[in-house]
1. What are the ³J(HN,Hα) couplings of region 57-67, residue after residue, when phi is run through the Karplus curve with 6.51, -1.76, 1.60 and θ = phi - 60°? Round to Hz, x for glycine and proline.
2. Classify region 65-128 as rounded, prolate or oblate, taking a ≥ b ≥ c as the square roots of the eigenvalues of its Cα gyration tensor: rounded when a/c is under 1.5, otherwise prolate if a/b is larger than b/c and oblate if not.
3. Quickly work out the Ala115-to-Asp127 label distance, labels modelled 7 Å from Cα along the C-beta direction, and quote it in nm with one decimal.
4. Determine ³J(HN,Hα), in whole Hz, for all residues of region 40-47 in sequence, where each value follows from phi through the Karplus function 6.51 cos²θ - 1.76 cosθ + 1.60 and θ = phi - 60°; x replaces Gly and Pro.
5. Taking 7 Å along the Cα-to-C-beta vector as the label spot, tell me the Val106-Val77 distance in nanometres, rounded to one decimal.
6. Distance in nm between label sites at Arg135 and Val93, each 7 Å beyond Cα in the beta-carbon direction?
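Each reported figure results from applying straightforward, stated rules to the coordinates on display, with no laboratory input. Every value quoted in this text rests on a predicted model; they were computed, and no experiment measured them. All Cβ positions, glycine included, derive from the backbone under ideal geometry; neighbour counts span all protein chains shown.
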Amino acid sequence: MSRARAIATAFAAALLPAIALAQEGDDPAEEPAAITEERDPVYANDMERLAEILGALHYLTELCEDERSPWRDQMAVLIEIERPSETRRARLVDRFNIGYSAFATVHRRCTDAAAAALLRYREEGADLAQTLASRYGPAPDGANAVNDALTP
């Protein structure tokens, strides 16, 4: 298993249980008809930032590590598990694309700045995944390995 794929797997393992636990009890059929307007989950801003980070990691991994990036697939899994409304899904996809294009418009080859950004975004992503897991669900046994694997 490549290092990037192992990192992506650990990253997802830390975050996915938190998303699932945060959604428990979110059955719209249980809510009164008057309260059916769409509400963002309390972790929406963090998830949107994570989507942006994953977009940046997707571009930078392929640029600097000369291998297929696992981050787009991880974003697809997160969206599938979260089951967001169409509006939230569009926002998550948009933020992923913003993260991707922010680097794609500037970096055409792996420079020292691009490699440094890749390391910074991995660290921020690991920190955010750990925060989401600790706030919205118990962190799995391997959650601390995410920080270790993503930290330069």
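1. Coupling constants for region 57-67: 4, 4, 5, 5, 5, 5, 6, 9, 10, 6, 8 Hz.
2. Numbers: a/c = 2.19, a/b = 1.84, b/c = 1.19.
Judged from the Cα gyration tensor, region 65-128 comes out prolate (a/c at least 1.5, a/b above b/c).
3. Here the answer is 2.3 nm between the modelled labels.
4. Ordered by residue, 3J(HN,Hα) equals 6, x, 4, 9, 4, 4, 5, 5 Hz.
5. Label at Val106, label at Val77, 2.9 nm between them.
6. If labels sit at Arg135 and Val93, their model points lie 2.6 nm apart.
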